[in-house]
1. Among MET193, MET172, which is the only one that is out of contact with any Pro (no Cβ under 7 Å at 6 or more places or on another chain) and closer than 17 Å to PHE101 by Cα?
2. Could you tell me whether the stretch 231-245 includes any residue that is in a helix (DSSP H, G or I) and open to solvent by 10 Å² or more (accessible area, probe 1.4 Å)?
3. Picking from GLY248, GLY276, which residue would you name as being surrounded by fewer than 24 Cβ atoms within 10 Å (Cβ to Cβ) and under 20 Å from GLU185 (Cβ atoms)?
4. If you check every pair at least six apart or on different chains, which have Cβ atoms under 7 Å apart with a residue in the stretch 300-321 that is farther than 22 Å from SER348 by Cβ and open to solvent by less than 20 Å² (accessible area, probe 1.4 Å) first and a residue that is among the acidic types (Asp, Glu) and part of a loop (DSSP other than H, G, I, E, B) second?
5. So, in the stretch 123-153, how many residues would count as being out of contact with any strand residue (DSSP E or B) (no Cβ under 8 Å at 6 or more places or on another chain), among the small types (Gly, Ala, Ser) and open to solvent by less than 50 Å² (accessible area, probe 1.4 Å)?
6. Given the conditions (1) outside any helix (DSSP H, G or I); (2) surrounded by fewer than 18 Cβ atoms within 10 Å (Cβ to Cβ), and given that ALA350 satisfies all but one, which numbered condition is not satisfied?
7. Take GLY318 and tell me if it is of a type in the set (Gly, Ala, Ser) and farther than 29 Å from SER190 by Cβ.
8. Limited to the stretch 322-347, what total is found for residues that are part of a helix (DSSP H, G or I), of a type in the set (S, T, N, Q), open to solvent by less than 50 Å² (accessible area, probe 1.4 Å) and touching a helix residue (DSSP H, G or I) at 6+ places or on another chain (Cβ under 8 Å)?
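The values are calculated or read from the model by the stated rules, or taken from the named source; none is laboratory data. Quick caveat, the model's predicted, so the values are computed rather than measured. As a convention, Cβ positions derive from the backbone with ideal geometry for all residues, glycine included, and neighbour counts pool all protein chains shown. Note: areas computed on protein heavy atoms with side chains; ligands, DNA, RNA excluded. Shrake-Rupley method; radii C 1.70, N 1.55, O 1.52, S 1.80 Å.
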Amino acid sequence: MRRNVAPSPSRTSLLKAALTATAVLATAGLAIPSATAASSSGTARPTAPAAAPAAPVAAPVAPAAVPAHAVTGYWQNFNNGATVQTLAQVQDQYDIIAVAFADATGTPGQVAFNLDSAGLGGYTVERFKADVAAKQAAGKSVIISIGGEKGTVAINDAASATAFADSVYALMREYGFDGVDIDLENGLNSTYMTQALKSLGAKAGPGFVLTMAPQTIDMQSTAGEYFKTALNVKDILTVVNMQYYNSGSMLGCDGKVYSQGSVDFLTALACIQLEGGLDPSQVGIGVPASTRGAGSGYVAPSIVNNALDCLTKGTNCGSFKPSKTYPGLRGAMTWSTNWDATAGNAWSNAVGPHVHSLP
């Protein structure tokens, strides 16, 4: 997902192309040209080996329902200078914990998970599995995230879609994960990603948690591959936590250009998803937990809370005010629980209670 790098220069050309559709947007509401995702910051990870032989299946834990208003946090399976945590040390405000990341194998579409025991101070697989179960017993959902900036997972045909669904389901059974997060930042194919996710959802059954973390450019238009995928799997989709950072300026649903780092950027871009076909319960606001968590786009927790208030209650808005409120908005996401801990848990201590108190 993210490391401290500047936004890609390609966003400038993408934005210029998008601006040509402002007149259409004003009349149609959402007809902004789609564009291929530009890279956002992430974390370097060693190349994964081929999938290992079948491992013992983790003892099943009855899944807890995701709260109506939920906080999502990414847990780092690596040490990049942020506070190293075990899963047990993830702050209690987080309702959905996305384990970052699974890795591609030599088989297209297939993924594997390799716990960075050495980088995490000797954290063992056995302890990790026990911590997953303990978090679930406490009412949390623990999911495996696929992708990140350096992620190379590609699902471009029926065979890779099947390999993806089968391998993710195997990880769910082995580690007890409740579902999957899609954080593919180098493009995706909506046809085959939809096929893969539908198949995985059918295998997982009730309680399956599906989240997505597209970049801002990926959700500017319902014609984009990411947006199409979200709409295609709407019946099993838990929440889309778009990354409102490492972005640069983007169009809001009113056709105006907004700069990242402001309440208007959060609300006007969320409006595109809210009016583009997603249920409010499937929309969340994704931001860095600290200034060190992203190359650009950090906003103070108070700004996140203002955006949540604006969208759910019509209060604390900036210059952009939505035409209606969305009290069912799911909540907020941050990269990462580790950077949050590094900053003294300032983000989760402020945003967590606010999300949980939404109407």
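1. Numbers: MET193 fails: closer than 17 Å to PHE101 by Cα.
Testing whether each residue is out of contact with any Pro (no Cβ under 7 Å at 6 or more places or on another chain) and closer than 17 Å to PHE101 by Cα leaves just MET172.
2. Of all residues in the stretch 231-245, those in a helix (DSSP H, G or I) come to 231-232.
Next, from what is left, pick out any that are open to solvent by 10 Å² or more (accessible area, probe 1.4 Å): 231-232.
The answer is yes; a qualifying residue exists.
3. Values: GLY276 fails: under 20 Å from GLU185 (Cβ atoms).
The unique qualifying residue is GLY248.
4. From the stretch 300-321, the pairs are PHE320/ASP254.
5. Of the residues in that region, 3 qualify.
6. Looking at each condition in turn, ALA350 falls short on (1).
7. Details: of a type in the set (Gly, Ala, Ser): yes; farther than 29 Å from SER190 by Cβ: yes.
Yes; evaluated as a whole, the condition is true for this residue.
8. Kept after step one, since they are part of a helix (DSSP H, G or I), are these residues of the stretch 322-347: 337-342, 346-347.
So of that shortlist, the ones also of a type in the set (S, T, N, Q) come out as 337-338, 342.
Pick out the ones that are also open to solvent by less than 50 Å² (accessible area, probe 1.4 Å) and you get 337-338.
Among the residues that remain, those that are also touching a helix residue (DSSP H, G or I) at 6+ places or on another chain (Cβ under 8 Å) are: 337.
Matching residues across the stretch 322-347 total 1.
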